[in-house]
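Here the structure comes first, spelled out in structure tokens, and everything after it is commentary.
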Amino acid sequence: MPQIKSNNIYQTALRILARRELSRAQLRDRLSRYSPSPSEMEAVIARLVHERAIDDTRMALAHARRSAEVKFHGKSRAQREIEAAGIDQETAHRAVAEVFNEIGEESVLECALKKQLDGLIRGRAQFRRLHQALLRRGFPPDRIATMLMARAERGNAFVEE
């Protein structure tokens, strides 16, 4: 574990934050590799919070937006990932709700489906595989089924009217 002088912990934290938006918990975890004492690390984190270099709400919004627009994840997966980053449940819920109200979960689901499907669904196995993949991405099962049924070839036995 590399040891860094206490006056350099602040610069180390700024270098870490320059790469990407992090939550307090994530920064605390990364600084623990360098900081000789927890009290110095907490003082640096408090300073960064005061200077607004760390903002859990801003991080949650950025992560929710990336989940929706880049990764094409649904609300539930986006919220789980934000909470796993050390953000409290209420902040994560508000961030996900704000982003998905603006973008619309239906359009994100549409993009996720386009990424995996080229044409119509031709069989039960393909239907099942797509359904499972979209569930893992965090979309609601009823919306997935509705969208997949609309993309299924007519006359297939797995399509129940």
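Structural remarks
- Of the residues LEU117, LEU61, LEU134, the one that moves most in a GNM of the chain with alpha-carbon contacts below 10 Å is LEU117.
- Highest-MSF residue in the chain out of PHE100, PHE72, PHE127 [GNM, Cα springs under 10 Å]: PHE127
- At q = 0.13, 0.28 Å⁻¹, base-10 log of I(q)/I(0) for segment 56-104 (Debye sum, equal scatterers on each alpha carbon): -0.20, -0.99
- Non-local lysine pairs in the chain, meaning eight or more places apart or on different chains, with alpha-carbon distances under 22 Å, amount to 4.
- Cα gyration tensor category, rounded, prolate or oblate, for segment 6-50 with a/c compared to 1.5: rounded
- Scanning residues 5 or more positions from ILE121 or on other chains, those with amide H under 5 Å from its amide H are ALA152, GLU153, with H placed 1.01 Å from N in the peptide plane.
- Residue of VAL96, VAL108, VAL44 that the Gaussian network model of the chain assigns the largest fluctuation, springs spanning Cα pairs under 10 Å: VAL44
- Likely footprinting exposure, VAL70, VAL99, fewest C-beta neighbours within 10 Å first: VAL70, VAL99
- Each residue, GLN89 and ALA53, gets one label point 7 Å from its Cα in the Cβ direction; the gap between the two is 3.3 nm.
- 0 to 90° range, to nearest 10: angle between helix 141-151 axis and the chain longest Cα axis: 50
- Within the chain, helix-based [θ] at 222 nm, where runs of 4 or more DSSP H residues each add -39,500 (n - 2.57), nearest 500: -20500 deg cm²/dmol
- For segment 17-83, averaging the sequence separation of C-alpha pairs within contact (under 8 Å, six or more residues apart) and dividing by the residue count gives a relative contact order of 30 percent.
- Between 0 and 90°, nearest 10: helix 105-116 axis offset from the chain longest Cα axis: 80
Just so you know, all these numbers are worked out from the coordinates, no wet-lab data involved. Only a predicted model underlies this, so the values are computations on that prediction, with no experimental measurement involved. Glycine gets a Cβ as well: all are built from the backbone with ideal geometry, and neighbour counts include every protein chain shown.
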